[in-house]
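Comments concern the structure below.
What follows is calculated from the coordinates using simple rules that are stated; it is not laboratory data. Everything numeric here is computed off the predicted structure, so don't read it as measured data. Reconstructed Cβ throughout: ideal geometry from the backbone, glycine too, with neighbour counts over all protein chains shown.
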């Protein structure tokens, strides 16, 4: 049994725990993280299911829906300016999102590894792609909210 998934899990848990604490970040840093999650998510869908219409449309629908509709729910509360940066209150949302991605990717890898029939079902491909789109879209929704705050709220 490979050990690298457990190393990735440990790193994600550490990063998620750090996100649960107040921190000062530049909005551009959160945008870079969101772009990284977008790229990894899309890469995961492409490598698992190929560049086919169903997975790409499902992923795009999940991503767009989360960015458009998830902004209010996922936006950090209590933001404040710290010079050119923004103080972001700690939240367990990023940890939950990272664990969601890890669990979904692990389950997909397991199902593929045991050659489960469901991996080839259209509904499963669409559901997994949608899930990956939603999860990566959540990071983008959070980054967008912080970016909007930094641009619209005057620094004190």
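Details
- For region 92-145, pairs of C-alpha atoms spaced more than 17 angstrom apart make up 41 percent of the total.
- Ranked by the mean number of other Cβ atoms within 10 Å of their residues, highest first, the peptides 90-99, 4-13 fall in the order 90-99, 4-13.
- Helix 93-113 vs. the chain, principal-axis angle (Cα, 0 to 90°, nearest 10): 10
- Principal semi-axes in Å for region 4-152 [√(5λ), Cα gyration tensor, largest first]: 30, 17, 11
- The chain - percent relative contact order, Cα under 8 Å, separation 6 or more: 42
- Computed from the alpha carbon positions, the gyration tensor of region 20-93 leads to an equivalent ellipsoid with semi-axes of 30, 13, 10 Å, biggest first.
- Alpha-carbon centroid distance for the pair region 64-126 / region 12-52, whole angstrom: 8
- Extension gain for residue 117-residue 53 works out to 21.0 nm (0.36 nm per residue, less the C-alpha to C-alpha distance).
- Distance (nanometres) between label positions extended 7 Å along Cα→Cβ at residue 107 and residue 72: 2.8
- Each peptide in 143-151, 127-135, 46-54 was scored by the mean count of other Cβ atoms within 10 Å over its residues; highest first, the order is 127-135, 143-151, 46-54.
- With Cα atoms, 0 to 90° folded angle of helix 27-49 axis to the chain main axis: 10
- If R0 equals 22 Å, the separation of the Cβ atoms of residue 39 and residue 65 corresponds to a calculated FRET efficiency of about 0.70.
- Between residue 7 and residue 29, the modelled labels are 2.5 nm apart [label points 7 Å from Cα along Cα→Cβ].
- Cα-based helix-to-principal-axis angle, 4-19 vs the chain, degrees rounded to 10: 20
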